[in-house]
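Here is the structure we will look at.
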Amino acid sequence: MSNRNIMVSNGNNVANRDDVRSQFCAPTIFDLFASPLSEFGSFFSPLLKEDSIKVDLKDCGDHYQLKADMPGVRKEDIHVDFKDGTLSISASHNKSSEKKDDSGYLVRERTSGSYFRSFYFDDVDAAEGNINAAFVNGELDVSLKKQEKKQPSATAIKIN
């Protein structure tokens, strides 16, 4: 069995864990802004939290099976692309609600968000029929058929 490489990206975030980040990454300008806000407890945590698509990725032998939970997202707002070995999943949602009670209080709330995940596969080809996707009941299901990796070849070039 050959070694297969899969690289996973969670949006633009290279490392999500603070302990890993602190070992290998210098503080960023964003750390300067996030640090004072952390003193206020959980009030600002929604602003600091990075939303992402929750996925399960399984190696099924001859193919990969990816399941992504995307509740509240419409099929029309999901985009799945495969280019240069990278499967990219992006989605956006907008929701608004209005609640009124008898005491005169009116609440209007709006939420919106965008999500992005990418996965690199070195053994998947984008040829027709190799990648299939379906979206049912808030779950995106993507199947990616594996291909044998082409071995690098060397050719002698005759000089005229």
Study note, to complete from the structure: The condition from (1) without any contact (Cβ under 8 Å) to a residue 40 or more places away in the chain; (2) surrounded by 15 or more Cβ atoms within 10 Å (Cβ to Cβ); (3) among the hydroxyl-bearing types (Ser, Thr, Tyr) that Tyr64 misses is numbered (1)
Study note, to complete from the structure: Within the stretch 84-104, the residues that are hydroxyl-bearing (Ser, Thr, Tyr) and exposed (fewer than 10 other Cβ atoms within 10 Å of the Cβ) are Ser96, Ser97, Ser103
Exercise for review: Kindly indicate whether Tyr120 is in contact with a Leu (Cβ under 9 Å, 6 or more places away or on another chain), surrounded by fewer than 16 Cβ atoms within 10 Å (Cβ to Cβ) and assigned by TED's automatic domain parsing to the domain that holds Val142.
Suggested key: yes
Practice item. Only one of these is at pLDDT 85 or above and over 24 Å from Gly72 (Cβ atoms): Asn137, Asn130. Name it. Key: Asn130
Check your understanding: Which residue pairs have Cβ atoms under 9 Å apart, sit 6 or more places apart or on different chains, and have a first residue in the stretch 90-105 that is within 29 Å of Ser118 (Cβ to Cβ) and a second that is loosely packed, with under 10 Cβ neighbours inside 10 Å?
Key -> Ser92/Ser112; His93/Ser112; Asn94/Arg110; Asn94/Ser112; Lys95/Glu109; Lys95/Arg110; Lys95/Ser112
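The values are calculated or read from the model by the stated rules, or taken from the named source; none is laboratory data. Note that this is a predicted model, so its numbers are computed, not measured. Note: ideal-geometry Cβ built from the backbone for every residue, glycine included; neighbour counts use all protein chains shown.
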